[in-house]
Each structure stands twice: as structure tokens, then as C-alpha cells.
């Protein structure tokens, strides 16, 4: 039983924390996160140089890490600094590229020369991929895709787009669950770009006879695995952001005086901060469980427990932080408000707390927790 | 990061499981599982079995008759005992007075008292709280006035758990009224058959007799029953409170109770389907299970900190806070699952008149009884104060 980071992971965390502290303050962040292309090329190459992207793949696939713990160590630091760079898309995209044997493109992504984003999600999809309805059909040597994709994180400005579409959906209604999920690659199709409410880029894609290259005709299992790793990343990001936001809240309560005394001296406020801390510890613990169980029989269960718990905890901490800050917590200028927004909006990514509760319920019978 | 137990720890867990399987009397486990009160004899019977094995005083060092376990081994033992529905040993002699005597007692006190705790000759109860001193324990008023070779004790203690089984009580008493309230408190051992000591039952919300009040009227207590020095009682009390409390999160109890809920939810139906398939119940159970899974990791993280000597002091407060919330949530879920069938008082019905499984018949009283979890042992508000003090320091 050992919960401390290994020396290597501690070094990775420290160097990333230092890099972000030196180069990525909240003004830099907000300047990039809300204006097209919703990220900073400079920060992106800085992260690539640090080896952050390469840490998402194992050595035999051209990276220098690749474990769920590598991912969680990195994303906790990204969360602490409220990093809005398109790292999530790179993580999931890289895993799928490597899985499909596209080593050259993977290498380009690792070095920061190319950026990949991922079009899996469709409007109205939670975390169950069965209802995905975008279709792919063979056209000579290539493929043609039809349908609507949404929630393409980091889509704006990406060089390559990985697209999931259903192959061989035998003439049923849209949303039929037969056939397989194919993985396709397209070069910079026209996207419908937007900033996310909490910063960073997001895009939709309307596909009509879109020409694409097929990387895998049956990628369903690989996609589920990559998505679960993305969920772990989001959980770790939330843990980092929660820890930072609680620190900010404690500092603020110590500094702010009302009625001639610091807010920190009021028990009604103290107790609320303690409850936030309890939730943070729980969030950290369930993320540890998900990291430990990634790749095991219990992966889906542990990941969904984590995403469900963190969906609840993140909202609690975000709302309490805004409330405890009072008016200042409502302002765009105060960094804490952006942390709170991120914490609430994380639940909207890769299946929310209710989607994951449903996944847990469907995973019956329960596994023995011991 | 590594969540696994060592080979030795796993072997230890297997040994504990085997021991519980072979030695825990079935009828006792059944009563514990159904939330029924145990008779004194039943508790003492299990105590004797544990003592014979050398596994009774889990926190004592080996030289005084403890098993000499690590914090991790104590955790494993507590977890397995809870899962097997073993009776929870009353902590007053074993986990409270024992460690206090080992740290502060005279050689004579250790030799005289510790063996009698182990073999069940003495049943100790705790005289801390008073009608006017609950969370604010330092305001206690029970006086002990020196008179020759005796202290003369006058006052009242309350919330004395299982005092009806006890023959001894350890008390915090006021021996000085000057200075800070904390500085005039002493730790005194009293025979309950001393003239002037009277115990009366308090009936609790669930109708049960679990706690008592104890009255002292000119009770004469020999001075050799003072533990430590006069007016050192607060230090001793604090030591006792911060002394490592194994299983304060109650993860094992929660795991067992959630297991029982899942069984019950299969057996009971609601609107023509098993409660287990009721979407709202399924959602609630799934979220509680996630909370409990996180709690069990939080517990292990803090255990590892204690093992590495890195525990900062607020850990046990955090564990108590969330651990009791989860336990109470599960009790509520369990009671709710019974629907309208939770209402009849099982005491008035025989087993074949019940419309619910025997184990579930006392769900509502057990739920009410367990509201105590967030009140005793330092209420959850006191735990928040402790954490806040650390959080807002400086």
C-alpha cells in the first residue's frame, strides 16, 4: 500500500507545475481560451517540449509513459493551473492513433507538429455508444461519412480529425445498433467552431458525403478504453482544480474582513469549507481507485464511480466557493470564478454523473468491493 | 502508487477470515446482523474467544497482552470483524482505559487492572459527559475533594454507554476550581458498588436501554485510584481522544450494511418489481456505493499516513465526518426500502407474523439509533471545528 507519487511522477508533476506557474497565468489563459482558435500555439508547443503529450503513450508506441497514473499526474497539474489547452483530445486521439498503428502521425502529435481532435460524440449521447448514428459507407478505395458530430474538444484549429461512424448499419432507422463502430481520419474538414463556456475550443461537424480514410473497421472496444482514460483525466483535472479553488477560498476568507473580523472567524463559513475539503478527499480517493483499476475487469465500474462522484463533488465545491467569496466570486476578473465554471462544466464531458450512475446500474451484478 | 496489501497482510486477512469463520458463534452473528441488542453474556463469550486467541486488546503492546499489530493489521481485523457481523467489543476498557493506564498508570495500577480487563472480570464504563458538559467537556462540574486517603465525589455523569453491565467507571472529575477549567480536572477510577454511586437507565429514541446516568453522592474513592497526577486529567482525556482510533470511518460496518441492503432490495418488491430495479433506489444505491468506495480508499490513505508517521491530526476528524454520513445514508436507504412495512414495531410480532425478512424488521429503530453516530465521540460539528482550526491557522 503506497499512495505517494514515485520519484519520476513527482518530477513530472513538479516540472509541469513550474512550467505552468511561470508561463500560464490566468490572464494568459483567458486571453487564449476565449478567442479563436481558443488555445495558445506557444503554450501547446511548450507542453509538447516538456513531454506532456508523449507521456500519454507507452514506449513501445513511441511515447514515454502511457499508464493511467501518468495521465492522472499530468491532468491534476493541468487542473490546478486551469489549463484550457486541448490536451483531452490529444490524449484520446493519440491512444486511438497508436491503437490503429498510425505511428508517424502519433509521433507528429507527440512532438507538437500536428494536432488531432476527436469526433465521437453526437447530440443526445451520454456515455453509451450504442445509439451513435453517423454512418460510413465504402466508396471505391475510400469511405464516405454522413451524420452530425458534436462535442469535438479542441476541434478548432486541429490538423486532423478522428471520426467515429457506424459501418454496416443494415438499413434500419437512424440509431440502429447493429454494425460496428469504425474509426476514420479526415484532414481538417470545415467545423462549426465555438468557445466553451469555461474556455477552450469545441466544435460540431455536419458530415455529408465526407471523404475519410478508415483506420479501423471495428474500433468499439478501443474507443471505450480511450474514453475511460479520458474520464480518468477529467477526474484528475477536477481534483487539481478543486484543491486550488479550496486554497483560494481559504485565503480569501482569511483576508476579507466584515463586521470588524476576518470572515475565516465565522463558524458558519468554516464548516462549509471543511465539507468542501471532505469532498475533495473523496474525489481524490475515487480517482485513485479508477487509476488503479484501469485495464482491469473493474475498469468500467471504477471509472463510472469516479465520474459520478466527481460530478457531484465538483458542483458542490464550485457553488460553495462562489457563495463563500460573495460578490467577488461572481466577477469575470476573479480567477476563482473560472475555476468554478470549469468544475461545473467538467460534468458535461464524456458522460455526466447521471449517465455514469446509469452505467453503474447496468453493470450489475456488483463486484465484491473487498 | 499501489493499492494492494503486502503478501503478509493478505495472509493475515485470510487468517482472520478463517478464525472468524471457525470461531464466531452463528447465533451471535445473526443477532448483530439483525441489529438486535446482545446480552452481556454473549459479548463476554466472544471476548473470551478473542482473549484466548490473543486478539482482544488490539491496540495494546505485546508486553501487556496485546497482539502487537501494525495499524494496517488492526484495520484488516476491524474490517473483517465487521463484515462477519462479529460483536463490536465495548471500547471502554480495551481501547480507552487500557491505553491510558499503559501510558499514565502506575505499575501497581497496570498490574492490578489490565489483566482484569482482558479476562472480563471488570467491565468498565466511561464517566465523561455531564448534563451541562457535552461537547464543552472542560466545563464539567463533578467534584472530587481530597479527604485523607480518599476523594469525596459529588455530581452527575450521563450518556454512560452499557453502564448497566459495568462494575467500574473511569471519570473525569474536578479537583480544582482556580485557573483555566482544563487545568482543574483529574482522571479517577471508581467502583460502581461504592456507597453513594447510583446508576439509572436512560431510554433512547429507539426504545432501547443503551445508555445511563450515574449519580455520585459523597462517594468515597481511595486516592490510589487516581490515574496520573492530580489535575492532569485533561491531558489524559486529550491523549485518549487523539489516540489512534481504528475503524473510526466504520467502512466495514457500512460495507456490511450496504450488502444487507442489496439482499433486501432483491427480496422486497415495490410496484410489482424488486426494489433493486426501482430506478430511484438503484440510483441512490449506486451513488452511495461510489461514496463508500471512495471512503475505503480515503481510509487506506490515512492509514498509510499513520503508518508512515505523517498523519497531521485532522485525518481522524475527516474520516469520522464522512464515514458517519455514509453509514447514516445507508441506514436511511435500508429503512426506506421497506416502504410501508417499516412501520410495525417488530417487538410486538413473532417471526412468522412478520411481512419482511427477520433481519430487516428492526430497520427503523436501528436507523433512529444510528443518528447517534454523528453526535457521539465528538459531534460532527466538533470534528469540523477541529479541521477548521488547522485549515485557518495563521
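Of all residues in the range B:305-328, those satisfying the criterion of being modelled with pLDDT of 90 or more and either touching a strand residue (DSSP E or B) at 6+ places or on another chain (Cβ under 6 Å) or within 13 Å of chain A (Cβ to nearest Cβ) (or both) are B:317, B:318, B:319, B:320, B:321, B:322, B:323, B:324, B:325, B:326.
What about residue B:174, is it buried (at least 17 other Cβ atoms within 10 Å of the Cβ) and modelled with pLDDT of 95 or more? Criteria met by residue B:174. Being touching a residue at least 12 places away in the same chain (Cβ under 8 Å), in contact with a helix residue (DSSP H, G or I) (Cβ under 9 Å, 6 or more places away or on another chain) and within 24 Å of residue B:14 (Cβ to Cβ) holds for only one residue in B:99, B:87, and it is B:87.
Does residue A:34 fit the bill of being more than 16 Å from the chain's Cα centre (by Cα) and modelled with pLDDT under 95? In short, no.
Residues in the range B:198-209 that are in contact (Cβ under 8 Å) with a residue 40 or more places away in the chain and closer than 14 Å to residue B:156 by Cα: B:202 alone.
Is at least one residue of the range B:210-226 without any contact (Cβ under 8 Å) to a residue 12 or more places away in the chain and in a helix (DSSP H, G or I)? No, because not a single residue in the range B:210-226 is without any contact (Cβ under 8 Å) to a residue 12 or more places away in the chain and in a helix (DSSP H, G or I).
Being without any contact (Cβ under 8 Å) to a residue 40 or more places away in the chain, in a loop (DSSP other than H, G, I, E, B), in contact with a helix residue (DSSP H, G or I) (Cβ under 9 Å, 6 or more places away or on another chain) and closer than 26 Å to residue B:167 by Cβ narrows it down to one of B:55, B:69, so name that one.
Working: B:69 fails: closer than 26 Å to residue B:167 by Cβ.
So the residue among B:55, B:69 that is without any contact (Cβ under 8 Å) to a residue 40 or more places away in the chain, in a loop (DSSP other than H, G, I, E, B), in contact with a helix residue (DSSP H, G or I) (Cβ under 9 Å, 6 or more places away or on another chain) and closer than 26 Å to residue B:167 by Cβ is B:55.
Any idea which of A:310, A:361 is buried (at least 19 other Cβ atoms within 10 Å of the Cβ) and touching a helix residue (DSSP H, G or I) at 6+ places or on another chain (Cβ under 7 Å)? Full working, then the answer.
Numbers: A:361 fails: buried (at least 19 other Cβ atoms within 10 Å of the Cβ).
Only one candidate passes the filter, namely A:310.
Would you say residue A:279 is surrounded by fewer than 18 Cβ atoms within 10 Å (Cβ to Cβ), closer than 16 Å to residue A:347 by Cα and at pLDDT 95 or above? Considered against the rule, which asks whether it is surrounded by fewer than 18 Cβ atoms within 10 Å (Cβ to Cβ), closer than 16 Å to residue A:347 by Cα and at pLDDT 95 or above, residue A:279 comes out as no. The residues on offer are A:202, A:246, and the sole one that is outside the structural domain of residue A:306 (by TED's automatic domain parsing) and either within 20 Å of residue A:315 (Cβ to Cβ) or at pLDDT 95 or above (or both) is A:202. Taking the numbered list (1) in a loop (DSSP other than H, G, I, E, B); (2) surrounded by 14 or more Cβ atoms within 10 Å (Cβ to Cβ); (3) more than 13 Å from chain A (Cβ to nearest Cβ) in turn, residue B:99 passes all entries but (1).
Residues considered: B:15, B:48, B:37, B:42. Of these, the only one that is closer than 30 Å to residue B:346 by Cα, at pLDDT 95 or above and away from chain A (no Cβ under 14 Å) is B:42.
On the given criteria, is residue A:155 farther than 19 Å from residue A:212 by Cβ and surrounded by 14 or more Cβ atoms within 10 Å (Cβ to Cβ)? Quick ask: steps written out before the conclusion?
Numbers: farther than 19 Å from residue A:212 by Cβ: no; surrounded by 14 or more Cβ atoms within 10 Å (Cβ to Cβ): yes.
The answer is no for residue A:155.
For the range B:290-308, residues that are more than 23 Å from the chain's Cα centre (by Cα), surrounded by fewer than 24 Cβ atoms within 10 Å (Cβ to Cβ) and assigned to a helix (DSSP H, G or I) total 0.
So, in the range A:221-256, of the ones that are surrounded by fewer than 17 Cβ atoms within 10 Å (Cβ to Cβ) and more than 14 Å from every other protein chain (Cβ to nearest Cβ), which residue ends up farthest from residue B:390 (Cα to Cα)? Selected residue: A:221. Do the conditions hold for residue B:184, that is, is it within 21 Å of the chain's Cα centre (by Cα) and modelled with pLDDT of 95 or more? Criteria not met by residue B:184.
For every residue, the table says whether it meets (1) closer than 13 Å to residue A:205 by Cα; (2) at pLDDT 95 or above.
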| position | (1), (2) |
| --- | --- |
| A:77 | no, yes |
| A:84 | no, yes |
| A:87 | no, yes |
| A:107 | no, yes |
| A:129 | no, no |
| A:134 | yes, yes |
| A:143 | no, yes |
| A:151 | yes, yes |
| A:162 | yes, yes |
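For residue B:126, the test of being within 30 Å of residue B:234 (Cβ to Cβ), modelled with pLDDT of 95 or more and not in a helix (DSSP H, G or I) is passed.
The values are calculated or read from the model by the stated rules, or taken from the named source; none is laboratory data. All figures in this text were calculated on a predicted structure; none of them were measured in a lab. Positions of Cβ are backbone-derived with ideal geometry, glycine not excepted, and every protein chain shown enters the neighbour counts.
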